[in-house]
Amino acid sequence: MDAQHDDTGNAARPVLEAPDIARVLTRIAHEIVERAKGADDVVLLGIPTRGVFLARRLADKLE
């Protein structure tokens, strides 16, 4: 595998740029707060390995 292809041999390309990801995470955090009526009792679990990183980023936005 090289930087140009994923493990299936398909050409790799970004789906979202960094500012888009930040905007999506902010929106997800707002949805969590709205649906849970606050963030005090929210528990985020991340599935290793990338899910943990995503859960941490969401937790930062919820604080």
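Read-outs: derived from the displayed coordinates by stated rules, not from any lab. Please read all numbers here as calculations on a predicted model, not as lab measurements. In this analysis, Cβ positions are derived from the backbone assuming ideal geometry, glycine residues included, and neighbour counts consider all displayed protein chains.
The shape of the stretch 18-62 comes out oblate: with a ≥ b ≥ c from the C-alpha gyration tensor, a/c is at least 1.5 while a/b does not beat b/c.
Placing dummy labels 7 Å off each Cα toward the beta-carbon, the span from Leu54 to Glu34 is 2.0 nm. Here the simple spin-label model places points 7 Å from the Cα toward Cβ, and for Lys61 and Ala22 these points are separated by 1.2 nm. Based on C-alpha pairs under 8 angstrom that are at least 6 apart in sequence, the chain has a relative contact order of 25 percent. For the chain, the longest principal axis of the C-alpha atoms and the axis of helix 50-62 are separated by about 40°.
Maximal additional length on extending the Arg13-Ile47 stretch stands at 9.9 nm, based on 0.36 nm per residue less the C-alpha distance. Each residue of the stretch 26-40 is assigned a 3J(HN,Hα), and the resulting list reads 4, 5, 4, 4, 5, 4, 4, 4, 5, 6, 8, 6, x, 10, 4 Hz, derived from the Karplus form 6.51 cos²θ - 1.76 cosθ + 1.60 (θ = phi - 60°), x at Gly and Pro.
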